[in-house]
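Single-structure report; data block below.
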Amino acid sequence: MKFVSILLLIIAVTPFACNKKELLETRPNDAAFVPTTADDFQGMLDDEVLFGQNCYLTFVSTDEIYIPDATLGSLRSSTRNAYLWNQKIFDTVEPVTDWDQPYAQILSANEAIAGVAKLLAKEDDIPRLNALLGDAYFKRAFSLYNLAQVFAPPYDLQTAATDLGIPLRLTTDKKEKLFRATVEDTYSQIISDLKEATQLLPVSVDSLHPNRSSQPAAWALLSRVYLSMRDYQQAATAATHCLNLYDNLIDFNQLNSNSSTPFNFRNKETLYQSKIMQGNIVAPLFLARGAIIEPELIKLYQPGDLRTAIFFTIKSNGQATLKGSLFGDIYPFTGISTAEVYLTLAECNARMGHTEVALQYVNNLLKNRWKTNQF
Amino acid sequence: MKKNLKMVVPALLLVYTHAVAQGPQPKIPRSYYQDSVRKVLLDILKYTGYGNVIDNALLRRTKTFTCNRDSLTLPELIKELNKQVQLDFSISDADKWISAEPKGIRGKVVDEKGMPAPGVTVQVDTISVRTDENGKYYIPRAIFGSVLVLTAVSRHRVTIKINQRQDMPDLVMRVKASDLDNVNVVVSNGYVSVPKDRLTGSFNFLNRKQIDRTISSSILPTMQGKVPGFVFLENRQSGSSQPFALIRGISTIFSNASPLIIVDNFPFPGNINDLNPNDVESITFLKDAAAASIWGARTANGVIVITTKKGAYNKQLQVECNTSFTFSARPDQWNMPQLGPEDFLEVEKSLYDSGYYNVALFTDYALVSPVIEILHQYDSNKISMQERTDRLKALASYDIRNDINDRFYRPGFIERYHVSVRKGSSKLGYYGSMGYDREKAAQVWTSFDRITTNNNLFYKGRSFELNGTLTGIFSRSINDQPLPQIPYLIGRLADSAGRPVAVAADVRQLYKDQMSNILPDWDYRPLDELHKNKLTQKKSFMGGSLLARDTVFKYFTVSLMYQFFKITEKLENDQSPDSYAARDLRNKTAEINNGVANFTIPKGGIYTRQEMCRQIENSRLQINYDRGDSGFIRIAALAGIESSKTTADTFSLQVYGWEKDRGNFPQLNYADAYPFFYNSSLTALIPYYIDKNRAFDYYTSIFGNAGFTYRDRYSFSVSGRIDESNLFGVKAKQKRIPLASAGVKWEILKDSLFTMNWLSYVNLRFTAGTNGNVNTSVSAYTIAERAPENRYGVPTVGIINPANDYLRWEKSSMFNIGLDWADKGRHFTCSFEYYWRRSDYLLAPSFQESTYGNRVLWDNVAALSGKGFDLSLNTFHTIRDIKVRNGLFFSQATNKVTRYEQTLIRANQFTDQRFVTPRVGFPVYNLYAFKWGGLDPANGDPRGYLNGELSKNYTAIVNGSTDNLVNIGSTVPVFFGGLNSVITYKQLELSATFTGRFKYYFRRSAISYADPLRVKLMGQYDYSKRWQRTGDEENTTVPSLKVWTEENRDFFYANSEATVEKADQIRLQEVKISYNIRKWLPENYPVRSCFVYIYASNIGIIWKANKSGIDPDFLYRFPIPGSCTIGARFEL
């Protein structure tokens, strides 16, 4: 019987010893699953509802639009305050969408960064994983940049090291201690994420999936960041990198200016798709066409400029409203287009005193914006 | 003594030795008749010369000796002596010497059923032994005439004089009647069985007899009102997260609060209601941390350990048959507060007059009641005033509940059959049973069948033991006719000729009638739905277990257990093309052009199927150490590892147009929604989905438990367990959380310091420990789900719950202090326990600071504290032939949230009882109400308080802060108890169970004027009590009828103090009368006993605190009608 017992013991211990580790790591459920594969993270980064909508308060507070009092009354308090440039923006208890959404994006980006990094250690489809990792860095940088535009003071070389920027959440650990980083640290993080992205992302623009970034997109965003920091030299360099890789522009003559949505969401000018926050918060402005384009701005467009008809609907009372954007619907575009890069280069060159070069870029752009025979 | 004598007399003896001549065997030429042994010995000396120095004390106790044959040789005579005298004589030829020793005695102790009684102390003079597991004992030297004393806990002491016979008869030790229900209490915690008197923790036990006093198809009702600290919660709102039963109140907020149920060593993987109670031998309740912590992470709510019947050793074939028939009344349709036809007519009239239905009537198709139809016809001058009055009167005379009662309900009937066989030798044992239950439900065309079988076979060798079990449960429930879905109680289901009548559904009946020449049959006739909707549910539960046990070394026993179960559940709903659901879908999505209908959906039925298959594998390796009694100390310990693996596959499918014969279904456009022809803003999809899912749980655990008893009076116990699971993880520290407990017990009376003659025992117990609780719906890992494709056609993935490396089990600590005592005669056995509980790391939605990126994270953020007591008092009295036993239990269980950051702030977020909304300082399940300011004497509007002032600004009150709420109290009983009475008179036994629940509240449903077609819902009964004129506010709280009412007027009233009721109640749960008719049967019938019984359950409320006539147990459904059972149980 002792023999039997010992045999039993051996049989008994075997299942405990064998695949215990593997079993303990098995996902508990199928429908809700633990993302582990490249496809899972691709799907996470492809969530355009999350990543494709960004800060809107910056747009509301520009002087490009004019909001009549009636519409203004129907707006959310913070939107109204932002439009009116009131001292206190968030004076009631309401979700701060411009803050919440980018941080939700950062969470997904961080999950992807952590997950893909793990995969890189064992998988062999390195180009794809690199593209995913690059895209995640790009998206995190984009979110941080958008946050900084709304919630941090503008970058000032003199005070950046002491000005308070935004909290930088760079891991998925919920116990990570967060504090407001300085403006300097905020921007260095954005720049370092983007530089990382330019190393990893594919060279070519994915014209089928403009919600995925590419090297040109990363350079373009980097130039936007440098421009906002008033570092024109770096901005110009980054923009040049971008245009060297990808410089396509849409010839507006090819567009149907009578269409209510002249742009397709897949177009050759878009480097990265994004629009402002959609939904009830801005519905009175765009869905109900309550945001009137500043007449002074409209006046700047000369006859022969196709942009008037393609960007705007002119109401019977002469007021202009936004028709739509490169995003392909009625909401303003907040993504990155080559047109922006042309203008960045023009501005930087102008500021650095290279007027000729600047004009050259402006003209390259305008060639595609004016009626062919009139420019 | 003997030796001393030997030394003293040798010289004298020598004389005789030499006097006897050598030669053939000398004979003793004498016969004896009732002569003393001393005389025989003297004769021996005289005739043979064989001397002796046998102690007189020994000889004096011997009986007389009789021997008719004379001239026996010495050996012959000694042999005869040995036969008759309680001494062992031996001859030493060398010394010519006879010596004698007291004989050892052997015997067996049995209980009144003839079953061996192990562990009984057998004492003769200074020698004391214990009976072995077969009830046998051996006392090496027992002097004839000495007194043998048998003692055992909970058995009557037996004393018997040892007579001359070598073997004692089987001694019967009767169980002390006061302990009859707790006899032989060998408590099983699922790992080991331990006599109750050695336990420190809080245990309760139900034996077969107690279980038998309830006749039920499932095991849970048999526990009701019989266990202190255990309460059933009947009154569960559907969709509510309240548990089905509680042991000692609540230890968690959002996780499963129901107790863990163990059946034979492992958690029961199926639905416990499927287990046949006839196969259950005993139930143990583990209530405190010390008792339950061996089960580790899932035991904060207590554990119920069910032990099924097993084969027995040394048992003659025993066959037991149990048959019962239960008759139950129809559910009382009028018991739920609903608006009757006349009141309904009145409400509809006033609504109509106020123009409430103008919009609906304008659309043609919007559903209105027949009352409105008549009123409208009169107003459109289609009928005369006379006709209007007549038709309304006729309509009001039809209460649809009459038809529902007649056509959809019947008295219920359940038959139950159960046969079991038990047999065993000293090596093999077998138990097998077969049960068949069939229920003809109170709802017509509804039935339920169940077959259960349970088989146990074991082999036991010298040290090796093998035990195998096979279990099968197969059940099927069928419903061929769904209950009618009618929004009001007015009207009929069949006309006077019995033909089915159409009732309103989805679309106005008049409109359906108008379309009848274009569209095929669109009427909803509930009686015509028969056989067109077949709902079948099949369940099978199959599995077995194998246990091998071997005593490897001296005190060590190794056992290996393996259990495998497969559970499949299949649910099928076959709605034929002629069913209303299918016809309605097809008709409303038709396109109608110029009076011709063009169907966008082809004719077809709707077929739904859900399949669930679960496979559970449990294995355990365990080592037990038991040194038994070694003087003062007894140590028993066990340790082991176990693993549990559950794979659950679900598959569900719904298809439209399934062709049963061919098995295929058409490829249709399932993606697009089809608009309804009468209202294009409404659309429907063609029913279609296929869903497949697999869930996987894996646990491994290490556990250990040790008990230590010193001098039978001080017991100590420790227990611990470490669990590991795939649900938790990442951080190793969180992955393995040890849960441990310890306890002490002091049997005070056994200490010589205390002598209280009137008490038979006083025990003081103290335990402390921690348990856990698991919530399988959360995960430490990032959990994502497949989201719809983005606009570039790429599938996306959304994060549901971000990774939470810190996630861990919920932890619950409990301190328990208990005092047990009984009087000398054990007429009163009492136990009082007080406990404190603190639950921490409770999972709850935690609102994260928004830079986290996800506002809500399920995290270990809440804490709870609770305390309470369990008092139990058992009495036993005999008055001549009448034996009266009572068990009275009374408990308190309170709980209070001590930590939770509640982010809900609006008052109306706390009034919906379907959701758990914990607040610090309040119980988990708590009722809040808007402060009630009475009715406005001017117009009967309900009034509340806003900022401390009377107000009718309902929206402000309802959406305002929680300051507008009044705390009412717990919705689960704070005090509860039960009373079990058993009266036995000869062969007759009468038993009854009462339950009481106190200090809790419920909210009765209230009238809702704003939603009159919901009148079918309850609460409308108070319509007749509504405020009608000034002065009524003195007598009623029901607001006046107001049709165009402010948005929250109804809501405010429904959730105000005015609709709160006390739920306190005392209920007669069951009564059983049983009689053993064995003696009526001829003596030679092979029947050992034959009990016939009559049993009644759900008899009703004896007392309730609320004056509204509402049964607090059945707020959301019809009360379970009373039922009566007759049955017989006989043993062959």
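Laboratory data are not the source of any read-out in this text; all were calculated from the coordinates shown. Just so you know, these numbers come straight off a predicted model, no measurement behind them. Ideal geometry is used to build each Cβ from the backbone, glycine not excepted, and the neighbour counts take in all protein chains shown.
Structure summary
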read-out	value
Ascending count of other beta-carbon atoms within 10 Å, so fewest first, for B:941, B:88	B:88, B:941
Charge dipole of the protein assembly as shown about the Cα centre (unit charges at C-beta), most positive-ward option of B:666, B:453, B:757	B:757
Likely footprinting exposure, B:475, B:397, fewest C-beta neighbours within 10 Å first	B:397, B:475
Region B:26-53-region B:877-944 distance, computed between alpha-carbon centres (Å)	91
Among A:349, A:284, A:242 the positive-end extreme of the charge dipole of chain A (Cβ point charges)	A:284
Candidates A:250, A:113, A:126: whichever shows maximal mean-square fluctuation once chain A is modelled as a Gaussian network with Cα springs under 10 Å	A:126
Paramagnetic reach from residue B:218 (point 7 Å along Cα→Cβ, amide N under 14 Å) across region B:1093-1132	B:1120
Helix A:97-122 vs. chain A, principal-axis angle (Cα, 0 to 90°, nearest 10)	50
Burial order of peptide ranges B:687-699, B:794-806, B:603-615, B:272-284 (average beta-carbon count within 10 Å, highest first)	B:272-284, B:794-806, B:603-615, B:687-699
Column: log10 I(q)/I(0), Debye, Cα scatterers of chain A, q = 0.10 Å⁻¹	-0.71
Residue B:692 paired with residue B:966, simple spin-label distance in nm, labels 7 Å along Cα-to-beta-carbon	5.8
Förster radius 30 Å - calculated FRET efficiency between residue B:478 and residue B:662 (Cβ-Cβ, nearest 0.05)	0.80
Simple label model, 7 Å out from Cα along Cβ direction - residue B:987 to residue A:367, nm	11.6
Cβ neighbours within 10 Å from other chains - mean over B:846-857	6
Within chain B, helix-based [θ] at 222 nm, where runs of 4 or more DSSP H residues each add -39,500 (n - 2.57), nearest 500	-3000 deg cm²/dmol
Fully extended contour minus Cα-Cα distance, from residue A:253 to residue A:171, at 0.36 nm per residue	24.8 nm
Inter-chain shielding of B:547-560 (mean C-beta neighbours from other protein chains, 10 Å cut-off)	3
Förster-model FRET efficiency, 22 Å R0, residue A:233 and residue A:199, C-beta, rounded to 0.05	0.55
Residue B:836/residue B:159 FRET efficiency (R0 51 Å; Cβ-Cβ; nearest 0.05)	0.65
C-alpha center-to-center spacing [region B:358-395, region A:224-273] in angstrom	67
Number of partner chain Cβ atoms within 10 Å, mean per residue of B:778-788	6
Listed peptides A:313-319, B:770-776 by packing density, highest first (mean Cβ within 10 Å)	B:770-776, A:313-319
Pair residue B:69, residue B:556: separation of 7 Å Cα→Cβ label points (nm)	5.8
Relative compactness, chain B, computed as alpha-carbon Rg over 2.2 N^0.38 Å	1.21
For region B:461-468, Karplus couplings with θ = phi - 60° (6.51, -1.76, 1.60), whole Hz, Gly/Pro x	x, 4, 10, 9, 9, 10, 9, x
For the protein assembly as shown, with +1 on Lys and Arg beta carbons and -1 on Asp and Glu, the positive-most of B:684, B:51, B:993 along the dipole	B:51
Taking B:251, B:717, B:681 and counting other C-beta atoms within 10 Å, the order from fewest to most	B:681, B:717, B:251
Beta bridges per DSSP with both ends in region B:433-576, % antiparallel, nearest 5	100
Alpha carbon centroid spacing (whole Å) that separates region B:293-311 from region A:181-220	57
Amide H within-cut-off set for residue B:813, under 5 Å, with H built and near neighbours excluded	B:771, B:838, B:839, B:840
Gain on full stretching of the segment that runs from residue B:415 to residue B:828 - 0.36 nm per residue minus C-alpha separation	144.8 nm
Extended-chain gain in nm, criterion 0.36 nm per residue less alpha-carbon gap, residue B:633 and residue B:377	82.8 nm
Ranked by how many other beta carbons lie within 10 Å on average, peptides B:1082-1089, B:616-623 from highest	B:616-623, B:1082-1089
Candidates per chymotrypsin sites (Phe, Trp or Tyr not before Pro) in region A:155-229, loop by DSSP, up to 16 other Cβ within 10 Å	A:179
Under 5 Å, built H, 5+ apart or other chain: amide partners of residue B:796	B:787, B:789, B:790
